[in-house]
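Have a look at the structure below, then the notes.
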């Protein structure tokens, strides 16, 4: 019996530079917001149907921090082109030793650049660890 464990890796698209490849166990999430263009629908069954058929744009905005202090902020707009005419977009930033305020600003920039709704950007910022006063 093999006891080999697989470490999950992912490739992240950054804005204005080549993508980076990371290991999830070395870059834990510090903030995340996801959703889709039907999030405000009141008909849950219709929403689920549309989601399954790929009729909705999907959004993701995440921040990850490495133990050395670097932070990756990246966003994804997975457009349901045939239904919404929205085009896919991915972007992100690698920050070296950022302050908490700089992380929030990067989330705002990346979310805006990717064309994500304000609600997703706000949710990602509010998911950051709370500041102690």
**Message:** So, in the range 120-133, exactly how many residues are more than 13 Å from residue 58 (Cα to Cα) and surrounded by 13 or more Cβ atoms within 10 Å (Cβ to Cβ)?
**Reply:** 7
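Mind counting the residues in the range 89-119 that are touching a residue at least 12 places away in the same chain (Cβ under 8 Å) and under 25 Å from residue 39 (Cα atoms)? Step through it out loud before you land on a result.
Filtering the range 89-119 for residues touching a residue at least 12 places away in the same chain (Cβ under 8 Å) gives 89-98, 100, 103-104, 106-111, 113-117, 119.
Now narrow it down to the ones that are under 25 Å from residue 39 (Cα atoms): 89-92, 104, 106-111, 113-117, 119.
Number of matching residues: 17.
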**Item:** Residue satisfying condition, being over 18 Å from residue 14 (Cα atoms) and modelled with pLDDT of 95 or more, within set 70, 122, 46, 62
**Value:** 122
**Request:** Evaluate the range 71-94: report whether one residue or more is part of a helix (DSSP H, G or I), in contact with a strand residue (DSSP E or B) (Cβ under 9 Å, 6 or more places away or on another chain) and over 26 Å from residue 53 (Cα atoms).
**Result:** no
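The values are calculated or read from the model by the stated rules, or taken from the named source; none is laboratory data. All figures in this text were calculated on a predicted structure; none of them were measured in a lab. As a convention, Cβ positions derive from the backbone with ideal geometry for all residues, glycine included, and neighbour counts pool all protein chains shown.
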